[in-house]
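Pasting a structure here, questions to come.
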Amino acid sequence: MNRQQKKGFTLVELLVVISIIGFLSSVVLASLNEARKKARDAVRLSDMHQIKLALQMYYDQYGYFPNSLPGQQPEDTGCSEPFYGGDWDLSSIDGDSDGKPFIEPLVDAGIFPKVPVDPINDATTANCSDGHGYVYYLKPTGYEDCPIARGKVYLLGITNMETSNGIHPASPRFMCDSDWYYQNYFEWFDGGFEK
């Protein structure tokens with residue numbers, strides 16, 4: 001009787017195929033993670049553009065920019081943000097737990113139903129240890145080297161962009177003073193004068 005030989009894969013061939021599939025999947029996942037980071041950064045830049053337009057709409061309606069709200073300090077919530085002190089409005093903290101975590105006057109004026117917040121840190125908790133978030137601060141007239149004739153000045157920033165290490169290339173880098181502070185703690189920042 002003639003016995004037919006069964007053909008199959010050897011153990012070595014199977015291991016080679018499995019290792020190739022594993023390598024290709026890890027490359028695809030790494031590329032996918034980079035694409036997600038770029039997409040989140042694109043959302044952040046779009047949010048900043050929308051917030052700047054909303055701030056201008058608020059200014060056109062009331063003749064001044066909204067105050068940054070006190071009581072949203074990182075030391076009060078256990079967060080370790082780098083900018084202690086002052087009246088920084090942080091998107092990562094809903095200081096009064098009213099569901100309006102960031103630049104509340106824009107919501108109260110009906111300009112935004114909800115001001116955009118960072119895609120990673122959405123203020124659902126007071127935990128800002130990942131370093132992601134948006135910041136807003138309205139400086140007083142004549143703050144440091146800002147021209148008194150220009151009135152108050154606001155600063156709007158992103159604390160952490162995922163695709164850059166340091167200042168993001170798209171950052172306008174608005175500064176009216178010689179303060180190195182913004183360049184050390186924000187990866188994107190801009191601002192504007194009331195006058």
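So which of Glu75, Glu13, Glu34 ends up being modelled with pLDDT under 70 and not in a loop (DSSP other than H, G, I, E, B)? Even if it seems obvious, please write down each step before you answer.
On the way: Glu13 fails: modelled with pLDDT under 70; Glu34 fails: modelled with pLDDT under 70.
Matching residue, one of Glu75, Glu13, Glu34: Glu75.
Looking at the stretch 82-98, can you tell me whether even one residue there is polar (S, T, N, Q) and modelled with pLDDT of 80 or more?
No - not one qualifying residue is present in the stretch 82-98.
Within the stretch 40-47, is even one residue out of contact with any strand residue (DSSP E or B) (no Cβ under 9 Å at 6 or more places or on another chain) and at pLDDT below 90?
Checked against the condition, which is being out of contact with any strand residue (DSSP E or B) (no Cβ under 9 Å at 6 or more places or on another chain) and at pLDDT below 90, the stretch 40-47 yields no hits at all.
Across the stretch 40-71, what is the number of residues that are surrounded by 12 or more Cβ atoms within 10 Å (Cβ to Cβ), among the small types (Gly, Ala, Ser) and part of a helix (DSSP H, G or I)?
Qualifying residue count for the region: 2.
The values are calculated or read from the model by the stated rules, or taken from the named source; none is laboratory data. Bear in mind that the values here come from a model prediction, so they are computed numbers and not experimental data. Neighbour counts run over all protein chains shown; Cβ positions are idealised from the backbone, glycine included.
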